[in-house]
Amino acid sequence: MGLGRFGGGVGAIRWLAGRGARVLVTDLDNAGTLAHSLAAIRPLIDSGTVRLALGGHVESDFTQTDLVVANAAVPTPWANPFLSAARAAGVPIVTEIGLVTALLPDRANVIGITGSVGKSTTTALIHHIFAALGIDSVAGGNIGGSLLTDLDQGRIATDTRVVLELSSAMLHWLSGWSPGTAVVTTFEDNHVDWHGTIDHYRTSKRNILANQRAGDRAVLGPTVHSWPTVPGVHCANIPADAGVDGLAIPGAHNAWNAAVAVAVVCATDAAISEHQARDAARTFKGLPHRLEFVGEIGRVRFFNDSKATTPGATLIGVSSFPAERTHLIAGGYDKRIDLSPISEQASTLAGLYTVGQTGPQLARAADAIAPGSAFECGTLDAAIERASDRARPGDVVLLSPGCASWDQFTNFEARGDLFRAWVAAHAAARSVP
């Protein structure tokens, strides 16, 4: 249920088909929209191993089957009529991440990372440090890629460190399972559109800790120090002022993410010293769309922080540069969260350029605080153009939307790719004699 436009279900489909299952793929989108994902499973479709039911769901497909594998991103799965029909018919429902966790050889070697902000970079940093120090590890989950493929290829041994980024939706489905090492970076208002309430969001996040066992480890950031842990779990609270200096990636938040990664690596492998882990962290070059430097035009630097889909993440991005030299592009899909932390930055920024569904409300709120500080641009192209025209040598143009991308883009990557492409094209144009 839910192939996904970018292949979210491909790994599970291949894994199931490889075990002799007859697989029906059902998705609300049509074949044209899903062309990229369908191409990845075309041989299975052509052979008849995989059948398609696209453009909508049929209840009998969910009730007359042995197993439903639901995409973890399906909204409000507890109220979905097709999943409810499957439950009523006694059909088990799982997700790909549930299949993975059930098959991993040793839960004690699984490091799960969640948090409203910072989980992707922290996940990548932990994996990078292990790799740099020659420790066998794999990374997966919400960061992308199916670990079912790694399991099939025998790449995950008993002693392999498995580093999983876990979203709140994944953790909702994983009720009853927790990793041997649980990491929670931050917690703030987010994803109420999916969860319905902030309490449901919090409860889903806490699932990462709820089923740990005595002897397991929990690494917690300042906003979640008080979250309950299972008796006997070794808990490390990372203070707000922790950090690793000399990183290749900008921002105090990344220095903190690195401190978390170092603490996790050292806690899970006694043979690794803190000095070794910190040195390895300093060689990490960062992730795409996360304060990614994409170019310079006329001594104005452009940073792509499209992955910043919450106000908290945007404030972190803004804090990485002098506010008075920063031109911020923000706005997007309305997740029904408070955006005032972004609009309140208007009085200190060099300019706030708003886009998307939330753009008008952001601009109005900002102008009420600092008249003339905000520019309602509508589209990302228009916002980049306006910010670039107003920026002066030494300034920064920062795409850090504080909102999801779904109003104008299929995902945050597409939004960041457009920003990157605009900068590349205009930088090239300036270089032509």
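The values are calculated or read from the model by the stated rules, or taken from the named source; none is laboratory data. Here the structure is a predicted model, which is why all the values come from computation and not from measurement. Don't worry about glycine lacking a Cβ; one is built from the backbone with ideal geometry, like all the others, and counts go over all protein chains shown.
Is it the case that the range 348-364 has a residue that's among the β-branched types (Val, Ile, Thr) and over 19 Å from LEU315 (Cα atoms)? No, the range 348-364 has no match at all. Check whether at least one residue in the range 86-104 is closer than 16 Å to ALA261 by Cα and in the same structural domain as ILE272 (by TED's automatic domain parsing), and report yes or no. No, the range 86-104 has no match at all.
Listed by position, the strands (runs of 3 or more DSSP E) contained in the range 116-189 that have at least 2 residues being touching a residue at least 24 places away in the same chain (Cβ under 8 Å) and out of contact with any Lys or Arg (no Cβ under 9 Å at 6 or more places or on another chain) are 137-141, 161-165. Between ALA248, ALA252, ALA210, ALA218, the distinction of being modelled with pLDDT under 95, out of contact with any Lys or Arg (no Cβ under 7 Å at 6 or more places or on another chain) and either outside the structural domain of ALA308 (by TED's automatic domain parsing) or under 21 Å from VAL163 (Cβ atoms) (or both) belongs to ALA252 only.
Answer with yes or no whether VAL50 is of a type in the set (A, V, I, L, M, F, W, C), out of contact with any Asp or Glu (no Cβ under 9 Å at 6 or more places or on another chain) and more than 30 Å from GLY402 (Cβ to Cβ). Can you show your working first?
Numbers: of a type in the set (A, V, I, L, M, F, W, C): yes; out of contact with any Asp or Glu (no Cβ under 9 Å at 6 or more places or on another chain): yes; more than 30 Å from GLY402 (Cβ to Cβ): yes.
Criteria met by VAL50.
Among the criteria (1) at positive phi; (2) surrounded by fewer than 18 Cβ atoms within 10 Å (Cβ to Cβ), the one GLY402 does not fulfil is (2).
To keep it simple, each residue is scored yes or no on (1) within 19 Å of the chain's Cα centre (by Cα); (2) closer than 30 Å to VAL163 by Cβ.
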site	(1), (2)
SER60	no, no
ASP66	no, no
TRP78	no, yes
ALA85	no, no
THR95	yes, yes
LEU104	no, yes
ARG107	no, yes
THR121	yes, yes
ALA124	yes, yes
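Within the range 355-379, the only residue that satisfies the criterion of being more than 21 Å from THR309 (Cβ to Cβ) and either part of a strand (DSSP E or B) or outside the structural domain of ALA323 (by TED's automatic domain parsing) (or both) is PHE375. Counting the residues of the range 13-29 that are over 19 Å from PRO75 (Cα atoms), aliphatic (A, V, I, L, M) and either outside the structural domain of PRO81 (by TED's automatic domain parsing) or surrounded by 19 or more Cβ atoms within 10 Å (Cβ to Cβ) (or both) gives 3. Counted as qualifying within the range 269-354 are the helices (runs of 4 or more DSSP H) with 1 or more residues that are more than 20 Å from the chain's Cα centre (by Cα) and outside the structural domain of ALA424 (by TED's automatic domain parsing), namely 274-281.
Run down THR33, THR26 and say which single residue is out of contact with any strand residue (DSSP E or B) (no Cβ under 6 Å at 6 or more places or on another chain), outside any helix (DSSP H, G or I) and polar (S, T, N, Q). Give the derivation first.
Working: THR26 fails: out of contact with any strand residue (DSSP E or B) (no Cβ under 6 Å at 6 or more places or on another chain).
So the residue among THR33, THR26 that is out of contact with any strand residue (DSSP E or B) (no Cβ under 6 Å at 6 or more places or on another chain), outside any helix (DSSP H, G or I) and polar (S, T, N, Q) is THR33.
Name every residue in the range 62-77 that is modelled with pLDDT of 95 or more and surrounded by fewer than 18 Cβ atoms within 10 Å (Cβ to Cβ), in order of residue number. Across the range 62-77, the qualifying residues are THR63, GLN64, THR65, ASP66, LEU67.
So which of GLY4, GLY90 is touching a helix residue (DSSP H, G or I) at 6+ places or on another chain (Cβ under 7 Å) and closer than 27 Å to HIS200 by Cα? First the steps, then the outcome.
Numbers: GLY90 fails: touching a helix residue (DSSP H, G or I) at 6+ places or on another chain (Cβ under 7 Å).
Just a single option satisfies the conditions, and that option is GLY4.
For the range 379-391, does any single residue satisfy the condition of being surrounded by fewer than 20 Cβ atoms within 10 Å (Cβ to Cβ), within 19 Å of VAL300 (Cβ to Cβ), touching a residue at least 12 places away in the same chain (Cβ under 8 Å) and of a type in the set (Ser, Thr, Tyr)? Checked against the condition, which is being surrounded by fewer than 20 Cβ atoms within 10 Å (Cβ to Cβ), within 19 Å of VAL300 (Cβ to Cβ), touching a residue at least 12 places away in the same chain (Cβ under 8 Å) and of a type in the set (Ser, Thr, Tyr), the range 379-391 yields at least one hit.
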